[in-house]
Amino acid sequence: MESAHLLSGSKKRVKIHPHTVTAKYATQTPYSPQPGIHTHFPQPGDEGYDDAPSFEDFGSFLEETSDRKQLTESKRWPLTLFGSKDKDTSHKLQASGGGEGSELGTKAVKGSGKGVGEQLASFGEASVSASRLTWLGLLGAALAHGCLIVLTRLASERFSLGPLFLLLVRSVIQLLSVAVPLHRAENPFGPEGYRLRLLCYGIAYSLSLCCAYLSLTFISSENGSTTWRLATTTLSATLAFLLLEEKLGLADGITLASGLCGLGLVLLPTADESYEDAPVDPVTFWRGAFGWSLSALAGLWMALALVGYRSLKDRVGVGTALFTVSWTGCLLTPATLILLQEGWSWPMSLPAWSLVLGLVACSIAAFLGMTHALTRLHPALVSASQSLEVPVAMLLYLAALPLTPTAPEVVGNLMIMLSVGWLVVMKLFPSRGAGRRQREEYEEILDSPIK
């Protein structure tokens, strides 16, 4: 490997060898008394010393081209299903390096003339605006999830529409989302090399919905949705750490723990459900146990789906993910109906069809907001923000039915709202101390001679 450039009228050719480095100088007047190849390196104070390649450059080159680095990378833990974060980042940089490199370089050169405050302000404004859109979508998704719980119960009680039938209609209508990847000239089944992982994501998401909707046959929708969210948040934090090596900060962990405590308070049995003074029917007990188990299993599948899409966020768009969930749901939901021999009643009135269409609209809005947030946030944070669906559903129930909530339900819902609100405040309004520390670190980098 040879590189040639001019140094004040003399041509310098540097030949890099894996083990030795030799420098050859050919001037206008050959060097005497020993012309030709010699091993002379410029010393401090000599002309051209600053432009000569340093040993650090040679060391980095040898490190990048040596077999030791390749062997070290090959010995890393191969995350075959979800992939590693370093690998995905390298693919992303290679994909965007061709066309965006010159633009980024130009922006860097232009931005170097700005002050530190201006650069930090521009970076902060872009980050905060994107974070605001993300959290706005998450809060909208939580509101849609709360409406979804109420509409599902309303369809079951007033129109005798089974939960699995509603899930099937929802999956069939959502097949229209295939237009999004087709419009972008993308393969609706995902890019080559990632289709198996995308298929696993779709199956996990559809199995979660099947288990969650099936549990509504055995337990109430409030208990089912709360258990589902509790299991999803807990398991997504664990699986993201084990499979993606993504950790939660201390403040995030404390906030999530307080939200989980609120969900636990909501799940406390009421006086009517305690069965203290009445004998327990074994059939009723095991039906309830089966429903609770299905809700917890739905949380496990949903946590796997969230972590799975988190690993595919740079390769698979939201439209492709929605289509994958839809067609896998169209296959798994009828199979579940046949396996359980559960029939359905077709909606025969206009109000029934309006309710079904509203349910589909809420499900699509919730999916889009939650899936888009996975491209920027930790899966556990996304799931924890959706815990707001429980207070939303309770408020909608109180507006429609004259029911009095119990003290644990009120305290639990308040803890959920406070935890989600504090989480949003921490992400959108960082402390002044953190901003000052970030500014000092940035100034230190700019003042450093090594950049």
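Place the peptides 336-349, 132-145, 203-216 in order of packing, highest mean first, counting for every residue the other Cβ atoms within 10 Å and averaging per peptide. List each step's numbers first, then the result.
On the way: 336-349: 11.9, 132-145: 19.4, 203-216: 23.9.
In descending order of packing, they fall as 203-216, 132-145, 336-349.
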Using θ = phi - 60° and the Karplus relation 6.51 cos²θ - 1.76 cosθ + 1.60, list the HN-Hα couplings for the stretch 356-368 in order, rounded to whole Hz, with x at every Gly or Pro. 5, 5, x, 5, 5, 5, 5, 5, 5, 4, 5, 5, 5
Where in the stretch 151-172 does the label zone of LEU403 land, with the point 7 angstrom along Cα→C-beta and an amide N cut-off under 15 Å? 151-158
Among 153-164, 306-317, what's the highest-first ranking by average C-beta atoms within 10 angstrom per residue? 306-317, 153-164
Calculate the spin-label point distance for VAL410 paired with PHE290, positioning each point 7 Å from the Cα along the beta-carbon direction, and give it in nanometres. 3.7 nm
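Could you tally the net charge around HIS372, taking each other residue with its Cβ under 14 Å from the Cβ of HIS372, Lys/Arg +1 and Asp/Glu -1?
Working: positive: ARG132, ARG310, LYS313, ARG376; negative: ASP314.
That works out to +3.
For TYR213, what is the net charge nearby, where nearby means another residue's Cβ is under 14 Å from its Cβ and Lys, Arg count +1, Asp, Glu -1?
Details: positive: ARG153, ARG170; negative: GLU342.
Net charge around TYR213: +1.
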Which Cα, out of VAL266, LEU235, TYR194, lies furthest along the positive dipole direction of the stretch 173-283 (beta carbon charges, K/R +1, D/E -1)? TYR194
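Values in this text are rule-based calculations from the coordinates and carry no lab data. In this text, all values refer to a predicted model and were calculated from it rather than measured experimentally. Cβ: placed from backbone, ideal geometry, glycine included. Neighbour counts: every protein chain shown.
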